[in-house]
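Novice: There's a structure below that I have some questions on.
The values are calculated or read from the model by the stated rules, or taken from the named source; none is laboratory data. As the structure is a computational prediction, the values presented were derived from the model and not from experiment. FYI the Cβ positions are ideal-geometry reconstructions off the backbone, even for glycines, and counts take in every protein chain you see. Please note that ligands, DNA and RNA were not included when accessible areas were found on the heavy atoms of the full protein model with its side chains. Shrake-Rupley method; radii C 1.70, N 1.55, O 1.52, S 1.80 Å.
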Amino acid sequence: MFRRSSASGFALLGLSSLVLFLPFAAVSSAERSHQTLVVVAFVLGLVLTALVWFVLRQHGLVRPSYLGAAALVGSFSTAWTFGTVADFATTAHSELAARLFVVAPVNGVGVWLFVTGLRRTFPRPVRGIAAAAVALVMLGLLLGPSLLLQPGLSSHNIPDVQVQLRAGYRYWTTGALILVAPFLALVTIPGEWFERRWMQASALLMAIPARTFALALVLATLALTAFLADYSFDRRATTADEIAQLWHARMLLEGRLAMPPDSNPEFFAIDNIIDRPVWMSQFPIGGPAVLALGLLTGAVWLLNPILTALTALNVYRFAQRSYGEPLARVAAMVVSTSPMILIMGATHMNHMPTAWLVTLALASLPTWTVTDSPATVRRAAAIIGVAVGAAMTIRPLDGVVAAVVLGLAMLATAARDRARARSLIIAIVAGAVPVAVLLFVNWRTTGHPFRFGYELLWGANHSLGLHDDPTGNPHTVWRALLLGVKYASQLNWIATGWPIPALLLVAVGLVCSRRANRWDVLMLSLFGTQLFTYAFYWHDGQFVGPRFLFTAVPAILILVARAPFLVAQRVRGVAWRIAVVAIPVCLGVTWLRSMRPYGMQGLAQEFRESRTRLKVDPPREVQRGALRNVLVFVQEGASARLQHRLWGLGLSRPDAARLLAIADGCTLVEATRAEESRAAADTAGRLVRMEAMITPFRASPDNARLPDVNFRVTDTTSITEGCASEIARDFRVKNTVAYGPMLLLNRFDGSGRIAGDAIYVMDLGDRNELLRARFPNRRWLRYEVPRRRQDTLPVLTPYDSVR
């Protein structure tokens, strides 16, 4: 497994990791230019090291000293960027150069130590994959998370994850000792009893016909996911993303790509829906189109559970064709029991259809690679192309990542086997068809094929890259690094939910490889590219863990399942027993023990008890048809009402969010009221006037305590009569009701306008009077939780305009 000098090699690997980490630790609380310098120098050093390695390996001249020198030169080349990188503009070049003269030698020494350690520890065939394993452990378990434990994380606009990290480490240490170690200790009992029982159990599993296993896998995964959809989410949409795409799906069922803008958009708006110049969601057309298919069947909640089951089947087919039947069955079971896979599959989120499509392409890749039948090659290429292209119509960035990684794998194969080169054209053409549909829809809705709804709603700063985000917060090189580390760290406990970190299992398996396996490299490439790409996206995507990595999670889970097979090939005796039984023990602990917030039971319960405001039933009287021709007002908190009024004034989502983040709530209310009193066409200079009227919110112990914690008032002296009225509305009810689910109850007429027996609108207080002329003959009602009620269930109450 290892070379004779492996002990000193491991010591050098550990030392090199610490040396390379020192510059990052030194600037964790430093100014932005120094943080950028450290990251850029490290990346350029690695890039030149990789180029030198690639050239030297052709001649058998790879030496640690050569690669260390390459890292040194590459790091020093950062000096050429001093005049071009914006982050360096505010710092004297002499100061940057002085720090670079420290950072560059450290990088050179670190790379030299790392390569020396690899050469002493691992034989030549596995050094590359072993380097990836060490990097995974450093990034996701040891040195990377330590950056998140440094103070000042919130200053980078990243939610505090330190409590979560510390709890995770306790779970992986104390939890593993208490929950896993006793079971592993049992297998150390002498005798051949374990081997006999294990072989019997393995024989029983493998005796199941492949088709029977596949059918059982699909049915079991579907049953588990459908149960969670009902138990944890009440079969409802519980996020703004889900609601927006369901709303857009209803538009598609009306035969329209988008609806005409409503004359009173503030009453029907939610975060991720575009109000002007058309009415639709911000999301690419693929997600709403998939949900529209679910709506047609009347069981849209069951769509993602079905796709989850098919994703598990795709993983089984891929592993079956690339790794063999035994590993395929284990990998499929790991995927079908993954908390992250099952919980995401229980939602209406668009990550699940994307993962199904990418794994569908993945399952066809081994067939395309090894089959001798030209017809089968062409069919597999077409499936890969269509699946990846369709994924781009749902989550374009995920689709592009899959296209790049799978495309490079196909090009590498075609370079060795020219007979498959022609089929690449089939894959490209097949993938271009759904992409062409996406671009056509963009052109019809946003006015340009490459302009997405995200940009229409949030502006150009919504895009990938290092720049200020839509609300003005900078997404720096350092923040990108922290996001990448955070995503990798979180994946350790949510991907499997086991007391043993997922990336540690992957790393242990990889270092036990006899040689680099091309499918292992492909899985690592999918994960690494997804992680690297989304680190450069400004939004911190959190839902069921790092949701932006979801499409790559099946790849990581395949490597997790592969780890025991790789270890078992290299060890004997008790070590072999522990290797093969680790996954069954972890699965049993995770699923059978209640250890909230860990384990499957704890996670399912957590989601069951969260987002209760979004799991409210609509009014029974309306649903039974007892009430007709009514206008129902739904009240959210003061901050949400103010946000809707800002949207109604024509302020963009970024400008409205920025004002709400910085302003004293009462001064913003008065600025809003002042603009609402102007003529509707008097919009010139509106934002400037409002910025001049507001005063910044100042946090202090004297801050007013209000029902809506997001409506922030510096002190009681700033509470005006209009602001007091808004606050009184919050005190009037016991709890608020989320408007998003109520929006989905609305229907359209033939012209694309809101209509139906009941119309649900956002309660905007005095602003509601705008609707008198539009709905003069409807009965006005409120759907709310009166303060006098003993429970928190909303009821219909008569509308009273004087509050």
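Novice: Which order do 383, 727 take by accessible area at a 1.4 Å probe, largest first?
Specialist: 383, 727
Novice: Taking C-beta distances below 4.7 angstrom as the pairing criterion, name the unpartnered cysteines of the chain, in sequence order.
Specialist: Among the cysteines of the chain, those whose Cβ sits 4.7 Å or more from every other are 512, 586.
Novice: Follow-up question, since we're still on this one. Explain nothing, just compute: Karplus ³J(HN,Hα) = 6.51 cos²θ - 1.76 cosθ + 1.60, θ = phi - 60°, for every residue of segment 246-254 in order, whole Hz, x for Gly and Pro.
Specialist: These are the phi-based 3J(HN,Hα) values: 5, 5, 5, 4, 5, 5, 5, 5, 7 Hz.
Novice: Hey, what number do you get for the chain at 222 nm if only DSSP H runs of n ≥ 4 count, each worth -39500 (n - 2.57), divided across all residues, to the nearest 500?
Specialist: Result for the chain, helices only: -19000 deg cm²/dmol.
Novice: While we're here: Going by accessible area, probe 1.4 Å, with all protein chains left in place, what is the ranking of 199, 206, largest first?
Specialist: So, going from the largest accessible area down, we get 199, 206.
Novice: Hey, what angle do you get for helix 6-26 against the long axis of the chain, alpha-carbon based, 0 to 90 degrees rounded to 10?
Specialist: Result, in degrees: 30.
Novice: Top to bottom by accessible area (1.4 Å), largest first, where do 109, 388 land?
Specialist: These residues rank, largest area first, as 109, 388.
Novice: Something else: Report in % the part of the accessible area of the chain that belongs to carbon and sulfur, leaving out ligands and nucleic acids; probe 1.4 Å.
Specialist: 63 percent
Novice: Once phi is turned into ³J(HN,Hα) by the Karplus curve 6.51 cos²θ - 1.76 cosθ + 1.60 with θ = phi - 60°, what whole-Hz value does each residue of segment 695-702 show in order, with x for glycine and proline?
Specialist: After applying 6.51 cos²θ - 1.76 cosθ + 1.60, I find 10, x, 6, 10, 6, 6, x, 8 Hz.
Novice: For segment 417-533, what's the relative contact order in percent, using C-alpha pairs closer than 8 Å and at least 6 residues apart?
Specialist: Relative contact order comes out at 9 percent.
Novice: Provide the per-residue ³J(HN,Hα) series for segment 185-197, in order, calculated from phi with Karplus coefficients 6.51, -1.76, 1.60 and θ = phi - 60°, each as a whole number of Hz, with x at glycine and proline positions.
Specialist: Result, rounded to whole Hz: 5, 4, 6, 7, 4, x, x, 9, 4, 5, 4, 4, 4.
Novice: Further question on the same structure: For segment 661-791, with every protein chain kept in place, what is the accessible area per residue (1.4 Å probe, Å²)?
Specialist: 50 Å²
Novice: Tell me, what is the 1.4 Å probe accessible area of residue 231, in Å² to the nearest 10?
Specialist: For residue 231, solvent-accessible area is about 60 Å².
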